[in-house]
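The values are calculated or read from the model by the stated rules, or taken from the named source; none is laboratory data. Fair warning: this is a prediction, and the values are worked out from it, not measured in the lab. Cβ: placed from backbone, ideal geometry, glycine included. Neighbour counts: every protein chain shown. The protein model used for the area step is the full one, side chains on, heavy atoms only, and it has no ligands, DNA or RNA in it. Shrake-Rupley method; radii C 1.70, N 1.55, O 1.52, S 1.80 Å.
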Amino acid sequence: NSTGPLHCAGALGVKTIGFYPNLKGSGAIRWSPFKGDSANTFIFTPDTPFCKKCKLPCKYHPCMERISINAVFEKVIEFMNNI
């Protein structure tokens, strides 16, 4: 759950893919690589509304399962083809 390795890779210009919920305390706005550029960094978030606090019951829970495996696979292939 740590973003440390992601930040290190981003700082070195390594292609990175991050996964973040649409949750205020742990979302991409707060924790994604600071200097990540769009050519080397891609962030996946679930297709859900932004939440201030995760609580049950929630019709989107567990929201991270809404990230498409196929979309992630396609992005990995795209990154590998552009190395």
In Å², what does the accessible area per residue of the chain work out to with a 1.4 Å probe?
76
Of the candidates Cys51, Ile69, Pro33, the farthest towards the positive dipole end of the chain (Lys/Arg Cβ +1, Asp/Glu Cβ -1, centred on the Cα centre) is Cys51
Rank by packing, highest mean first: peptides 50-56, 73-79, with packing defined as the count of other Cβ atoms within 10 Å averaged across residues.
73-79, 50-56
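Could you order the peptides 40-47, 24-31, 65-72 from most to least packed, using the average number of other C-beta atoms within 10 Å per residue?
Numbers: 40-47: 17.1, 24-31: 13.6, 65-72: 11.2.
Result, highest mean first: 40-47, 24-31, 65-72.
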Each label sits 7 Å from Cα toward the beta-carbon; between Asp47 and Val14 the label points are separated, in nm, by 3.1
Here are a few candidate values for P(r) over Cα pairs in 5 Å bins from 0, in percent: (1) 3, 16, 25, 26, 16, 8, 4, 1, 1, 0; (2) 3, 11, 14, 12, 9, 9, 9, 8, 7, 5, 4, 3, 2, 2, 1, 0; (3) 3, 15, 23, 22, 20, 11, 5, 2, 0. Which one was actually calculated from the structure I just gave you?
(3)
Can you give me the long-range amide H partners of Thr41? Hydrogens built in the peptide plane at 1.01 Å from N, cutoff under 5 Å, separation of 5 or more residues or another chain.
Thr16
For region 7-16, in order, what is each residue's ³J(HN,Hα) by Karplus, 6.51 cos²θ - 1.76 cosθ + 1.60 with θ = phi - 60°, in whole Hz (x at glycine and Pro)?
5, 4, 4, x, 5, 8, x, 6, 5, 9
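Over the chain, what percent of the accessible surface lies on carbon and sulfur atoms, probe 1.4 Å?
On the way: 3800 of 6290 Å².
Here it works out to 60 percent.
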